[in-house]
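Down below is the structure, laid out as structure tokens.
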Amino acid sequence: MANGEWRMADSTIGHQPAAIRYQGRDMASTALLKHRGKRAITSRYFWVIVATLTVGILLHYFTQQTRPLFPASFPLTRHAIERIIFLLPVAIAAFAFGQAGGRITLAIVVLVMLPRVFLLSPYPADAFLETVGVAVVGYLLIWLIETQAREKRLHQKALEKLETVNAIAETVSQSLDLDDILDKALSKVLEVTGLEARGGIFLVDEKEQKLRLRVHRGLSSDFIHREAEMAVGECLCGMVARSGEVFISDDSLEDIQHTRCQESDPHAHIIVPLKSRERVLGVMFLYLQSKDQPDVVDRSLFASIGSQIGVAIENAQLHQDVARQLWIEQKLNEVAAEITSELELDRILPKVIQIAEELAGADGGVIALLDRKRNLIGYPYLHNLPPELADVTVPKGEGLAGEVMTTGRPAVIRDYRAYAGAIPAFVEAGVTSVVAVPIVSGDQLFGALSLVTLDGAKSFSDRDVAILTGIGRQAGIAIENARLYENMHFYIGQITRAQEDERKRIARELHDDTAQALIDLSRRLDNLATSREKLSEAVMERVEEFQELIDNILRGVRRFSRDLRPSVLDDLGLLPALEWLTANLMAEQGIKAELKVYGQKRRLAPEVELALFRIVQEALNNVRKHSRASQVVTTVEFGEGKVTITVKDNGQGFELPNRTGDLATIGKLGLIGMHERAHLINGILTVRSAPDRGTTVTVSVPV
Amino acid sequence: MHKILVVDDDPDFVWVCRTILEAEGYQVLEAANGTQALERMRQDRPDLVLLDVMMSTTLEGVDVSKEIEVDPALKGVPIVMISSIGTSPYASEFPEDERIPIDAWISKPIQPEMLLKTVRRLLG
């Protein structure tokens, strides 16, 4: 290990590799030789080598004395045995002490054999050839053993690397949470490499070409704050993020590329790119304890570790992307749900802004709407922005919203203060960055949805813009729906008013003309019956029949007239009309009906009284037809600025649908009519009911 | 407490009158036709009669008013004739040349204030 190397200090325990320890050339070469010499002498192999060499020397130089040891019957000649015995220590030395040990031993063997060649052998040429033969065979043996040993070491080293990489891989594969992965990966790398417990991981922001520190160990808070972010290409880590190669810095203080991250103590670095599919997703920087160590760092091992962590980062980012995509879909569904469940823009649009803010990570938002009549842009819907901005108006085409409405395309302004079309009120409100998208539905443009940051600039991504564009379209649909809804209400109002007028006219005609005509007819018949001309009995009977018939028709006409438009409402107002309704219900159906009035009684506008009367009439009709109630209480409360009427029965109730619109599907058209009537007078109608729990209808109207 | 007899064959109209008058503290008696009205009056003389001019019965408003005038027991009871006859095409049927012994006319649809004002005037 003349050059030192990373190797396992202990055998593998389970599947966890033991700590890799660096055994570098941290000793002077002389001391190293001394150390190795001492170790060799204390080795039992050394003494086996000495013994075999001694045997070889004895056989080589004391031939006469040793000849009896080798009888003729022995299968090998003395020469053969002697050469084998000379090769034996070479093989043992090569095996036990490596190539150097084998070569030294072979040199000793050759030196031991050469005196006989030149001084003792009667056949010096043969003896020389024999010595050369031993040297060649010995060298081959050394080469063979060393080759095998090297292969074994390489194999072992590869195994160790594999185990190290596996340990990292196993650690990072246990989670899909990016911060968790980075934290565990850094801990594991520091643990298995046995490096100084200092380091960190930057993640690369490819769009902004920035590195951002995500996890760290053993770093000062000043360092963490100072180096939280750096540009790709900057300093050593930025350089590695660009090159994608493992970088080893011998001495941080001397390295001219080490422009940042300076610390007072000199230190060596290993900087590892965290790559997946050739993309550098992050950079891991680790501190070495000695400046000598970097020479021997196994770059390929750290490159593999970097790849493992890189793949884990990519997986986690993909997982994050999928989770975010699901979250975005969920939020978009929320927008769609808001739009489909509500038709009031004042409720929908603030919610749309809030959801868009969440999706884009913005601080506030605003919806600008175009007033086509006045050619002005207003900002009626705001979130997290000063409410006085709602009073701001700008001419059509001005401001960012105006630009977006003109071009019909989204716009992103990173520095709003530097934007030529900036509206001073928004600058004063602290707006720094803005993304704006048009609010459109079909070919109709209604306004613009803008999201803003209030604390520092933000780069809204293409994905943010794409999502917001979708939300802008949803908002456009909401506005169109709401306008259609408003139009529908306007027409419903017109129709209802026309219907009431018509009812009133018909009721009056029935009462004043038809009923009077019937009365007149009845009176004439009466005159006929009481005239001086004596009528036959048969004629008298027919006259009486006709009178009875006319009475029945008269009652029917009056009832019909009353149902169309009770004169009591027009004559006396709402409260007497409600008393009349409850009295009728009690008289006709035997249901205990009660009217309670609280607060200061007063007359209301005729259209309000009419709508409230119709709502209560319909509610009591429902009680009569469907509730099976024995009791119903109608309460009228005259409050401050509003009137609330409640009709509560103790009947069988019913299962309410989730949405008002679904009332039609379960045949509760009367309830829809009540909602419409309430809406026409700016009132709110609520229905509470459950099977066997009775029904309560409440209408509240501002007055 | 003044007693007022309301005579009309339209029960809704009677209910409206009752509501208006009772709210002002009057006692209200009811009759659905002329015959019933005279019977009640003879049993319990009212302080005032509200009389519908046209009823589908044998004895209608004008006849009742004449009966009241000639009956010594009822003579002097103020009569308020109520009718929508002014707006009716059958107004021609009303005997314009006859002297009708009544104290006041009120038209339908009834105006509560007008009714109360007339009643207060006649009852002093």
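Numbers at a glance
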| quantity | calculated |
| --- | --- |
| Check on residue A:305, under 23 Å from the mean Cα position of the chain (by Cα), modelled with pLDDT of 85 or more and either within 23 Å of residue A:201 (Cβ to Cβ) or assigned to a strand (DSSP E or B) (or both) | no |
| Residue within segment A:387-400 that is touching a Gly at 6+ places or on another chain (Cβ under 8 Å), assigned to a loop (DSSP other than H, G, I, E, B), among the basic types (Lys, Arg) and assigned by TED's automatic domain parsing to the domain that holds residue A:459 present | yes |
| Residue list for segment B:3-17, filter: more than 10 Å from every other protein chain (Cβ to nearest Cβ) and part of a helix (DSSP H, G or I) | B:14 |
| Hits in segment A:335-383 - residues which are modelled with pLDDT under 85 and either touching a strand residue (DSSP E or B) at 6+ places or on another chain (Cβ under 7 Å) or crowded, with 16+ Cβ neighbours inside 10 Å (or both) | A:335, A:338, A:339, A:342, A:343, A:345, A:348 |
| Count of segment A:433-477 residues which are aliphatic (A, V, I, L, M) and part of a helix (DSSP H, G or I) | 7 |
| Segment B:21-37, residues that are crowded, with 21+ Cβ neighbours inside 10 Å and assigned to a helix (DSSP H, G or I) | B:21, B:34, B:37 |
| The lone exception for residue A:597 - which of (1) of a type in the set (A, V, I, L, M, F, W, C); (2) over 17 Å from residue A:500 (Cα atoms); (3) buried (at least 19 other Cβ atoms within 10 Å of the Cβ); (4) modelled with pLDDT of 90 or more it fails | (3) |
| Enumeration of residues in segment A:688-703 that are without any contact (Cβ under 8 Å) to a residue 40 or more places away in the chain and touching a Ser or Thr at 6+ places or on another chain (Cβ under 7 Å) | A:688, A:689 |
| Considering residues of segment A:553-576 that are of a type in the set (Gly, Ala, Ser) and assigned to a helix (DSSP H, G or I) only, the residue nearest to the other protein chains (Cβ to nearest Cβ) | A:567 |
| Odd one out for residue B:48, checked against (1) buried (at least 24 other Cβ atoms within 10 Å of the Cβ); (2) hydrophobic (A, V, I, L, M, F, W, C); (3) in contact with a Pro (Cβ under 9 Å, 6 or more places away or on another chain); (4) more than 11 Å from chain A (Cβ to nearest Cβ) | (1) |
| Some residue of segment A:330-349 being without any contact (Cβ under 8 Å) to a residue 24 or more places away in the chain, within 21 Å of residue A:173 (Cα to Cα), assigned to a helix (DSSP H, G or I) and not small (Gly, Ala, Ser) | no |
| Residue that is surrounded by the fewest Cβ atoms within 10 Å (Cβ to Cβ), among those in segment A:625-634 that are in contact (Cβ under 8 Å) with a residue 40 or more places away in the chain and of a type in the set (S, T, N, Q) | A:631 |
| Filter result for residue B:38 (touching a strand residue (DSSP E or B) at 6+ places or on another chain (Cβ under 8 Å) and at negative phi) | no |
| Exclusive hit being surrounded by 14 or more Cβ atoms within 10 Å (Cβ to Cβ), of a type in the set (D, E, K, R), touching a strand residue (DSSP E or B) at 6+ places or on another chain (Cβ under 9 Å) and farther than 30 Å from residue A:211 by Cα, set A:160, A:146 | A:160 |
| Matching residues, segment B:18-45, being within 13 Å of chain A (Cβ to nearest Cβ), within 15 Å of the chain's Cα centre (by Cα) and under 24 Å from residue A:583 (Cα atoms) | B:18, B:20, B:21, B:32, B:33 |
| Out of A:483, A:503, A:508, sole residue that is more than 21 Å from residue B:34 (Cα to Cα) and within 10 Å of another protein chain (Cβ to nearest Cβ) | A:508 |
| Scan of segment A:45-66 for residues that are of a type outside the set (A, V, I, L, M, F, W, C), over 20 Å from residue A:128 (Cβ atoms) and surrounded by fewer than 17 Cβ atoms within 10 Å (Cβ to Cβ), ordered by number | A:45, A:54, A:64, A:65, A:66 |
| Hits in segment A:105-150 - residues which are in contact with a helix residue (DSSP H, G or I) (Cβ under 7 Å, 6 or more places away or on another chain), closer than 21 Å to residue A:95 by Cα and either of a type in the set (Gly, Ala, Ser) or outside any helix (DSSP H, G or I) (or both) | A:135, A:138, A:149 |
| Filter pass, residue A:185 being among the small types (Gly, Ala, Ser) and surrounded by fewer than 21 Cβ atoms within 10 Å (Cβ to Cβ) | no |
| All positions within segment A:681-703 that are surrounded by fewer than 19 Cβ atoms within 10 Å (Cβ to Cβ), hydrophobic (A, V, I, L, M, F, W, C) and in contact with an Asp or Glu (Cβ under 9 Å, 6 or more places away or on another chain) | A:690 |
| Leading residue by the ranking (modelled with the lowest pLDDT) among those in segment B:1-12 that are closer than 23 Å to residue A:556 by Cβ and buried (at least 23 other Cβ atoms within 10 Å of the Cβ) | B:9 |
| Pairs, first at the interface with chain B (Cβ under 9 Å from one of its Cβ atoms) and within 23 Å of residue A:558 (Cβ to Cβ) in segment A:516-535, second of a type in the set (D, E, K, R) and not in a helix (DSSP H, G or I), C-beta under 9 Å, six or more apart | A:519/B:9; A:519/B:60; A:523/B:60; A:526/B:60 |
| Residue among A:591, A:550 that is away from chain B (no Cβ under 12 Å) and touching a helix residue (DSSP H, G or I) at 6+ places or on another chain (Cβ under 8 Å) | A:591 |
| Subset of segment A:443-477 that is in contact with a Pro (Cβ under 7 Å, 6 or more places away or on another chain) and surrounded by fewer than 23 Cβ atoms within 10 Å (Cβ to Cβ) - its residue that is nearest to residue A:346 (Cα to Cα) | A:445 |
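The values are calculated or read from the model by the stated rules, or taken from the named source; none is laboratory data. Note that the structure is a prediction, hence the values are computed from the model and not measured. No Cβ is skipped: glycine too gets one built from the backbone with ideal geometry, and neighbour counts run over all protein chains shown.
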